[in-house]
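So the structure is just underneath, and the comments pick up after that.
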Amino acid sequence: MKEFAVFWGCTIQTRFPFIEKSTRIVLEGFKLPYRDIDGFTCCPEKSLVNNIDHAMFTLTAARNVALVDEKGYDLVSPCTGCVSNLATVKGELKANPKEKGEVNSLLNQVGREFTGEAKLSHLVPFFHDMVGIHEIKKRMIKNFSGLKIALHYGCHMIRPSHALKNDDPLEPKKFDNIIKAMGAESVDHMTKLMCCGQGLDRVDMHDKALHFARIKLRELKQLGTDAMVLCCPSCFLQFDNNQFLMEKEGEKFGIPIIYFTELIGLSMGYSPEELGMNAHRVDCEPFIKKWESLCAKTDCAADIKAGLNSGGGILG
């Protein structure tokens, strides 16, 4: 596999270091050739920076891509917003030679050049397409059979589809494929592709942000969902932090929020504490206890081995 740089973005390292921890644990557990490189900045964030100064937005993103271009690496990020922003600018500059030339005339002043050769991927499609379902199963010690998991794709893992080109934007399947391969039921729910609404907090509309979160959380509670699994730090902020705030005000949802690499890490045998799940605001203990109880009643490891021997099990 080609070497790749991990683009952590701002939110994960400043607000959710446990997401970085679980991601590093999983990447190292799979022995993937990831690299940390110096010089990355904010991607930059689209809704604020791009609306104020599009030229600055484009130049900043192009500079970040240039850092991996010059090393010959690809780029993988656990932040959907970062990948979406970088891919948007990459597509824009590749389609507009004049603008690309203007950007490079500025980048050349600091010894950089945007070529746009680096492949940009989010962690979920990267694991689906590059690591592969079969390899994920090989690393699993215990599966999640008997658990109902609601996936939240979020807006930016699949959009803008013309720039990302990593899944069907209307009927995405890759995240579901991974979760099903891990033995869990991927719960079908009406709000599956709904925006989390966290961006409303950034423009001082906190009540409206809570309203968006409440719609989904109520549905998942009615469906008896064991946990929500997601892949975006902003969505995590919305459904973990804001759910916690609503519960402090008396609304009881009790939906544990689990980041993608935390779930994979659990399946590989790492403890919730090793993965940093004790730092979540909404308690994950009910999910962990139910999972451990189900595994005690069934031979999860034997189920995985049988699936591999039959040619790939669920996705065979």
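The values are calculated or read from the model by the stated rules, or taken from the named source; none is laboratory data. This is a predicted model, so every value here is computed, not measured. A quick note on method: Cβ atoms are made from the backbone with ideal geometry, for glycine too, and the neighbour counts reach across all protein chains shown.
Based on what the data block shows, is residue 173 surrounded by fewer than 19 Cβ atoms within 10 Å (Cβ to Cβ), modelled with pLDDT of 95 or more, under 20 Å from residue 80 (Cα atoms) and outside the structural domain of residue 288 (by TED's automatic domain parsing)? It would help to see each step written out before you state the result.
Details: surrounded by fewer than 19 Cβ atoms within 10 Å (Cβ to Cβ): yes; modelled with pLDDT of 95 or more: yes; under 20 Å from residue 80 (Cα atoms): yes; outside the structural domain of residue 288 (by TED's automatic domain parsing): no.
Considered against the rule, which asks whether it is surrounded by fewer than 19 Cβ atoms within 10 Å (Cβ to Cβ), modelled with pLDDT of 95 or more, under 20 Å from residue 80 (Cα atoms) and outside the structural domain of residue 288 (by TED's automatic domain parsing), residue 173 comes out as no.
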What is the number of the single condition among (1) in contact with a Cys (Cβ under 9 Å, 6 or more places away or on another chain); (2) without any contact (Cβ under 8 Å) to a residue 24 or more places away in the chain that residue 209 does not meet? (2)
Which pairs do you get when a residue that is over 17 Å from residue 120 (Cβ atoms), found in segment 34-57, comes within reach of a residue that is modelled with pLDDT under 95 and of a type in the set (D, E, K, R), reach meaning Cβ atoms under 9 angstrom, with the pair 6+ apart or on two chains? 47/202; 48/202
Among the residues of segment 42-64, are any closer than 24 Å to residue 201 by Cα, touching a Lys or Arg at 6+ places or on another chain (Cβ under 8 Å), surrounded by fewer than 21 Cβ atoms within 10 Å (Cβ to Cβ) and not assigned by TED's automatic domain parsing to the domain that holds residue 268? yes
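Go over the candidates 208, 221 one by one and state the one that is within 30 Å of residue 289 (Cβ to Cβ), over 18 Å from the mean Cα position of the chain (by Cα) and of a type outside the set (Gly, Ala, Ser).
On the way: 208 fails: within 30 Å of residue 289 (Cβ to Cβ).
When all the criteria are applied, what remains is 221.
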What is the residue count in segment 108-125 for residues that are without any contact (Cβ under 8 Å) to a residue 60 or more places away in the chain, in a helix (DSSP H, G or I) and buried (at least 18 other Cβ atoms within 10 Å of the Cβ)? 1
Quick check on my filter: what residues within segment 180-194 are aliphatic (A, V, I, L, M), in contact (Cβ under 8 Å) with a residue 60 or more places away in the chain and in contact with a Phe, Trp or Tyr (Cβ under 8 Å, 6 or more places away or on another chain)? 182
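Got a sec? Which of 240, 188, 204 is touching a strand residue (DSSP E or B) at 6+ places or on another chain (Cβ under 6 Å) and either of a type in the set (Phe, Trp, Tyr) or in the same structural domain as residue 138 (by TED's automatic domain parsing) (or both)?
Numbers: 188 fails: touching a strand residue (DSSP E or B) at 6+ places or on another chain (Cβ under 6 Å); 204 fails: touching a strand residue (DSSP E or B) at 6+ places or on another chain (Cβ under 6 Å).
240 is the lone residue from the list that is touching a strand residue (DSSP E or B) at 6+ places or on another chain (Cβ under 6 Å) and either of a type in the set (Phe, Trp, Tyr) or in the same structural domain as residue 138 (by TED's automatic domain parsing) (or both).
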